Amino acid sequence: MSKHDRQFFNTFSIVIGILVFITLTLIGIARSIGVPFEADKALVDSAVAATVAERTAPLGHVAVSGQDNAALAIKPAGGAEATVAVLPKDGEETYKTVCSACHSAGVGGAPTVGDRGAWGARIAQGKPALYDHAIKGYHGKAQMAMPAKGGRVDLPDDLVRQTVDYIVKQNQ
């Protein structure tokens, strides 16, 4: 590298350094001038104040025994109306709306309803074992998993038992 090239690179580096310093200084000055105006605007503007209050609100509240906790009622998020999941009326309807998703196609190693060979050994374990696996869930041999209550944890245990009875009846 020649002497002239080295001198050019040194001068160029100094100029770039000075420009970066000036830029950072101007950013600092602009922020110091603008911050008080933004703070005043936030205090005056009710929409900004509401947004700040919403974003800084606590994530949860604690219910205290012996005190009025009515304000802590669970409300749907975003002003949406609360939706209540409708429970199936019996074992057959539960099978059709919940269990058939896996037990009609054999998803995840689930035995299909009507396959007496696959159900024979399971039914031989007895209904208490089937009830237990259906209610609590079961992880069997490779790739086989039964989620608790078929993934509908809101189902009452009695309805799950009725569904097991329905499935057993279909496979006998």
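The values are calculated or read from the model by the stated rules, or taken from the named source; none is laboratory data. What you are looking at is a predicted structure, and each value in this text was computed from that prediction instead of being measured. Cβ placement follows ideal geometry from the backbone for every residue including glycine, while neighbour counts extend to all protein chains displayed.
For this structure, a couple of remarks:
- Residue in the stretch 60-74 that is within 30 Å of Thr163 (Cβ to Cβ) and either outside any helix (DSSP H, G or I) or modelled with pLDDT under 75 (or both) present: yes
- Total residues in the stretch 1-57 satisfying the condition of being modelled with pLDDT under 80, loosely packed, with under 10 Cβ neighbours inside 10 Å and not in a helix (DSSP H, G or I): the figure is 1.
Conditions tested, residue by residue: (1) touching an Asp or Glu at 6+ places or on another chain (Cβ under 6 Å); (2) among the aliphatic types (A, V, I, L, M); (3) under 14 Å from Pro88 (Cβ atoms).
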| residue | (1), (2), (3) |
| --- | --- |
| Pro111 | no, no, no |
| Gly117 | no, no, no |
| Gly120 | no, no, no |
| Gly140 | no, no, no |
| Ala148 | no, yes, no |
| Gly151 | no, no, yes |
| Asp154 | no, no, yes |
| Asp158 | no, no, yes |
| Thr163 | no, no, yes |
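- Residues of the stretch 140-159 that are part of a loop (DSSP other than H, G, I, E, B) and either under 14 Å from Gly109 (Cα atoms) or β-branched (Val, Ile, Thr) (or both): Gly140, Lys141, Ala142, Gln143, Met144, Pro147, Val153.
- Residue count, the stretch 98-110 (criterion: under 18 Å from His139 (Cα atoms) and at pLDDT 85 or above): 4
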